[in-house]
Amino acid sequence: MIILNLIRGMFMAFADSVPGVSGGTVAFVMGFYNEFISSISILASGASFQTKKKALTFLMKIGLGWGIGMITSILFISSVFERQIYDISSLFVGFILFSIPIVLKEEKKNLKSNYNHLIYLLIGMILVSLITYFNPVSNGAIKNISINQLSPSLAAYIFIAGAVAISAMILPGISGSTLLLIFGLYTPIITAAKHVILFNFAYLPILIVFGLGILFGVITFVRLLNHLLKTKRSQLIYFILGLMIGSLYAVFMGPTTLDKPLASMSFETFNFMFFLVGGLIILLLDSLRYFVKSK
């Protein structure tokens, strides 16, 4: 079971490392989503010591595999990201666009009977656009993350981004990496993580702040979102769809967040083949999910 959970965690990390694909979706496909979410909820509840110990053991095994998978992904992504930013961005567009119909299909019953909640779709789109346009990366506050640039306001911003991004683990259709793109932190965090992995510890403080945000998000936001999925599901799904649609703007602006900023992606630099590959991966994941459900 240890090896199986390590593999599960690794595949979750592979998904979490790229915008458009949720680690929660992979957990669902591989059949351990409910146990994963339940274990997180148990740790934040008043359950018995033995129950919490069992949940923590399971999450530690998943977490170890996730860590191995994330390190592998970061080293690969960071090595090609700057050299092929427009190709990778086109791939992300494919991930996101092809994920939207899947969410619509899965939530058709909830959405169809609650068209009065469409306002939340608009709110999500507007919120993403505003965050993308006004975030510190777009304003030049973050270029090459190091300890010298970790001002209190920037630390607070990264802390909040980490808390919100980790919450995407339990949300259908949107990944933490997509939210990092919206906050303008995807490229900086990936770059910082690569440098720390390669023993350049000048980048470590920013990752510590980000990690503390993740921990805070697990303890607080995950429980809140789990509650909203049960009580305000249609409003939340419309809001998520708005985030997904709006995140396309964040992807097109992604090249401007590099250490050496490039022009935002245009239709001239858009790579249609990478876009199709991204869409095909999403369709294959969706097909696999139905295959697992039929077993």
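General observations
- Of all residues in region 105-119, those that are assigned to a helix (DSSP H, G or I) and either surrounded by fewer than 12 Cβ atoms within 10 Å (Cβ to Cβ) or modelled with pLDDT of 85 or more (or both) total 9.
For (1) buried (at least 18 other Cβ atoms within 10 Å of the Cβ); (2) aliphatic (A, V, I, L, M); (3) at pLDDT below 80, each residue gets a yes or a no:
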residue	(1), (2), (3)
3	no, yes, no
8	yes, no, no
12	yes, yes, no
18	yes, yes, yes
26	yes, yes, yes
36	yes, no, no
41	no, no, yes
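- The residues listed here are 245, 237; of these, the one that is touching an Asp or Glu at 6+ places or on another chain (Cβ under 7 Å), closer than 21 Å to residue 102 by Cα and either among the β-branched types (Val, Ile, Thr) or not in a helix (DSSP H, G or I) (or both) is 237.
- Criterion violated by residue 232 - all others in (1) surrounded by 17 or more Cβ atoms within 10 Å (Cβ to Cβ); (2) free of Cβ contacts under 8 Å to residues at least 12 places away in the same chain satisfied: (1)
- Remark: pairs (first residue in region 41-57, assigned to a loop (DSSP other than H, G, I, E, B); second residue at pLDDT below 90; Cβ separation under 6 Å; 6+ apart in sequence or on different chains) = 44/219; 44/223.
- One residue from 158, 174, 182, 206 being under 13 Å from the mean Cα position of the chain (by Cα), buried (at least 19 other Cβ atoms within 10 Å of the Cβ) and in a helix (DSSP H, G or I): 182
- So residue 90, is it buried (at least 20 other Cβ atoms within 10 Å of the Cβ) and either in contact with a Cys (Cβ under 7 Å, 6 or more places away or on another chain) or of a type in the set (S, T, N, Q) (or both): yes
- Checking each residue in region 190-238 for being at pLDDT 85 or above and closer than 30 Å to residue 108 by Cβ picks out 217, 231, 232, 233, 234, 235, 236, 237, 238.
- Candidates 131, 85, 102, filtered to the one that is of a type outside the set (Asp, Glu) and at pLDDT 85 or above: 85
- Qualifying residue in region 80-89 (condition: of a type outside the set (Val, Ile, Thr), within 16 Å of the chain's Cα centre (by Cα) and under 27 Å from residue 271 (Cα atoms)): yes
The values are calculated or read from the model by the stated rules, or taken from the named source; none is laboratory data. All of these numbers come straight from a predicted model, not from anything done at the bench. Backbone-built Cβ (ideal geometry, glycine too); neighbour counts: all protein chains shown.
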